[in-house]
Amino acid sequence: MKLTLQGIGMTSLRTRERMIKRLSVQGIHNKKILEIMRDTPRHIFMDEALSSRAYEDTALPIGYNQTISQPYIVAKMTELLLGSSGHLGKVLEIGTGCGYQTAILAQLVDHVYTIERILPLQRKAQSYLWDLKLKNISYLYSDGHLGWPDYAPFDGILASAAPAEIPPQLLQQLAIGGVMVIPIGMSGQQTLQRVTRTASGYDIEELEAVTFVPFLSGKE
Ligand code: SAH
């Protein structure tokens with residue numbers, strides 16, 4: 001899928017190419033992910049005051065006490081989710097936030113189902129993603145603990161907020177052979193985990209230490 005960028009001010013290609021070089025030095029190898037991140041304007045997902053910092057490798061505030069994940073984390077989680085399959089059908093995302101991770105996923109998988117518990121954040125994300133003409137996305141204003149049973153099972157689940165433990169409903173909504181990428185743990189001691197559902201249970205891999213906002217209950 002090629003993004004339509006008409007009418008959207010792009011920062012220089014050089015800035016985005018620098019970001020991609022940095023990501024490959026940091027160990028991101030999936031060429032398709034790197035190309036998509038090179039071609040997706042990250043600055044349109046933030047307030048103008050911060051947009052000059054959009055391509056730095058840092059998390060930045062998006063309002064309501066939330067942050068946009070740093071480019072490395074977006075790339076890493078996407079790479080872990082795709083694994084060797086290179087392609088996924090239905091993907092559930094918990095924590096739409098500003099919509100940047102959603103934009104990357106929507107260009108790699110058939111359909112993204114994204115849940116957010118802060119309505120104004122999701123509305124804003126939806127308008128940015130609409131501007132990018134990304135239409136294979138469904139939005140739900142809800143508590144991600146519940147998943148989205150109407151469309152389960154999912155081939156992939158990606159959470160960008162950290163619960164203390166994996167919510168059981170999300171485990172149930174993962175297809176056999178499906179993969180979930182999720183940060184787990186209390187603030188200051190979180191690890192990124194990849195859960196693969198097999199015919200007989202779940203394989204859990206503990207990966208690197210990470211820092212995410214908490215996975216909260218209920219809606220705001
Ligand atoms: N990928 C997003 C990350 C935003 S931060 C981005 O790059 O912008 C994490 C998001 O998860 C926040 O928007 C927060 O409101 C949301 N979140 C936290 N707990 C949640 C829950 N239980 N259900 C849905 N969204 C949740």
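Residues in segment 172-220 that are closer than 16 Å to residue 154 by Cβ and either hydroxyl-bearing (Ser, Thr, Tyr) or open to solvent by less than 40 Å² (accessible area, probe 1.4 Å) (or both): 173, 174, 175, 178, 179, 180, 181, 182, 195, 196, 198, 202. Among the residues making up segment 59-76, those that are within 15 Å of the chain's Cα centre (by Cα) and either among the polar types (S, T, N, Q) or closer than 17 Å to residue 94 by Cα (or both) are 62, 66, 67, 68, 69, 70, 73, 74, 75, 76. So, residue 213, is that one within 18 Å of residue 84 (Cα to Cα), within 14 Å of the ligand (Cβ to nearest atom) and either at pLDDT below 95 or touching a strand residue (DSSP E or B) at 6+ places or on another chain (Cβ under 7 Å) (or both) or not? Taking the combined requirement at face value, the residue does not satisfy it. The residue list 156, 89, 144 contains one member that is more than 13 Å from the chain's Cα centre (by Cα) and open to solvent by less than 10 Å² (accessible area, probe 1.4 Å), which is 144.
The conditions of being open to solvent by less than 50 Å² (accessible area, probe 1.4 Å), of a type outside the set (A, V, I, L, M) and at pLDDT below 95 are met by residue 42.
Taking segment 92-107 as the range and being under 22 Å from residue 25 (Cβ atoms) and either small (Gly, Ala, Ser) or open to solvent by less than 10 Å² (accessible area, probe 1.4 Å) (or both) as the test, the residues that pass are 100, 104.
Here residue 56 meets each of (1) modelled with pLDDT of 95 or more; (2) part of a loop (DSSP other than H, G, I, E, B) with one exception, condition (1). Among the residues of segment 76-130, those identified as in a loop (DSSP other than H, G, I, E, B) and more than 12 Å from the ligand (Cβ to nearest atom) are 83, 84, 85, 86, 87, 107, 108.
The values are calculated or read from the model by the stated rules, or taken from the named source; none is laboratory data. Given the structure is predicted, the values throughout are model-derived calculations rather than measurements. Note that we place each Cβ from the backbone using ideal geometry, even for glycine, and neighbour counts take in every protein chain shown. Note: accessible area is taken over every heavy atom of the protein model, side chains too, but ligands, DNA and RNA are not part of it. Shrake-Rupley method; radii C 1.70, N 1.55, O 1.52, S 1.80 Å.
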